[in-house]
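We did not get these values from a lab; they are worked out from the coordinates using the rules stated. What you see is a predicted model; the values in this text were computed from it and never measured. Heads up, the Cβs are rebuilt from the backbone with ideal geometry, glycines too, and the neighbour counts pull from every protein chain shown.
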Amino acid sequence: MRLVTFLARRYVAGDNWKDAAKAIAKMNAHGLYATCDMLGENVMKKHKAVQASKRYVHLLEQIDYRQLQANISVKLTQLGLDISMDFCKENLEKILKKARSLGNFVWIDMENSAYTDRTIEVYKSFIHKYGPQVGICIQSYLRRSEDDIKNLLSPRFCVRLVKGAYKERKELAFAKKSDTDENFKHLIDVVLQSEAKLLMVATHDEKILNYAKKRVKELKANRKRLEFGLLYGVKREVQRQLTKHGFRVRVYTPFGRKWIPYFFRRLRERRENFWFGFKSLFQR
Ligand SMILES: Cc1cc2nc3c(=O)[nH]c(=O)nc-3n(C[C@H](O)[C@H](O)[C@H](O)COP(=O)(O)OP(=O)(O)OC[C@H]3O[C@@H](n4cnc5c(N)ncnc54)[C@H](O)[C@@H]3O)c2cc1C
């Protein structure tokens, strides 16, 4: 049995693109869109970062060839951010060029706070050239996020709001979950009331999902400016319900062999997930 099927199959679509493509085609058939994440992060060798960028270019070609409803999401440390910012930008630009030529879209994941400034700087350096085809993730647990959003707002701004998946110091991030949740709602308002092009509300928290639906209605915002994002393997019924109600839902779909850090972030999100992970070791 392959390693992913054995350990992380709940959260990872497979250890190769073929498995992920099958999973995405299945989701597409149910009206769900996907964002593909080729697992990997903190790449320290130049040739590995170049290889990752080539693989993402190939992935975009494959999505186009198979006519899948999917875009991609990249981690800048997979593209060499730890090596140098210019090198990372070179790698990212190859991906952005390909996405633009195919009419596709690239999300930039947000990693831990050591990378926030650099991630925003890289994103900013491309927003004019590739604006409508690149978006950035912003974490509501960070105290700085409202300022970051306000500094980035423009008609080209595409943002994926999440709570945040890393352990952060309380000087930087809200310690109480309720503060993170309140800030998430506040940031939804800030973005919906702005000229931003796209807001992806990426959470499984049904109170926040409902809040976003309510605010779009109240503010008479164009529904096309709103997408919902959920993770592969989490709350499938909610994914389908949102689609049924006419909302665009994108399922963040990771694949590949480097699944361990991703898998442990998912397990950490809820204590009972340890049970899911543990049980999945023994379930078929
Ligand atoms: C599309 C998408 C993209 C993301 N991109 C990033 C990123 O770039 N950077 C980043 O820091 N974080 C990212 N995240 C992760 C995010 O920051 C949260 O860690 C994660 O979504 C869990 O928080 P929640 O918003 O679902 O809320 P929570 O309050 O943690 O969860 C709400 C409810 O959802 C369910 N749930 C949540 N997580 C799980 C799980 N793992 N397994 C089973 N049930 C679960 C539970 O029922 C829980 O009660 C992303 C999340 C999504 C959905």
Fill in the blank from the handout: Between the alpha carbon centres of the range 1-75 and the range 230-261 the gap in Å comes to 13
Handout entry: Nearest-20 debye value, the chain charge dipole, Cβ charges on Lys, Arg, Asp, Glu
Key = 900
Handout entry: At least 20 Å along the helix axis (C-alpha) and Kyte average at least -1.0, DSSP helices within the chain
Key = 46-65, 85-102, 116-130, 177-192
Practice task
Calculate the spin-label point distance for residue 269 paired with residue 169, positioning each point 7 Å from the Cα along the beta-carbon direction, and give it in nanometres.
Solution key: 2.7
Completion exercise
Ordered by fewest other Cβ atoms within 10 Å, a rough proxy for footprinting exposure, 238, 201 read 238, 201
Practice task
Eight or more residues apart or on different chains, and alpha-carbon atoms under 29 Å: count the Lys pairs in the range 4-83 matching that.
Solution key: 17
Practice task
Can you tell me the relative contact order of the chain? Whole percent, Cα pairs under 8 Å, sequence separation 6 or more.
Solution key: 24
Practice task
Could you line up 142, 102 from fewest to most neighbouring Cβ atoms inside 10 Å?
Solution key: 102, 142
Fill in the blank from the handout: Interchain or sequence-distant (5+) residues whose placed amide H lies within less than 5 Å of the amide H of residue 248 are 228
Completion exercise
Expected sort for 82, 64, 117, 37 with the fewest Cβ neighbours (10 Å cutoff) up front is 117, 64, 82, 37
Handout entry: Fluctuation leader among 98, 48, 185 - the chain, Gaussian network, Cα springs under 10 angstrom
Key = 48
Handout entry: lysines with Cα under 25 Å of residue 217, excluding same-chain neighbours fewer than 8 positions away
Key = 150, 163, 185, 197, 207, 235, 244
Fill in the blank from the handout: Any trypsin sites (Lys or Arg not before Pro) in the range 206-237 that lie in a DSSP loop and have at most 11 other Cβ atoms within 10 Å would be 220
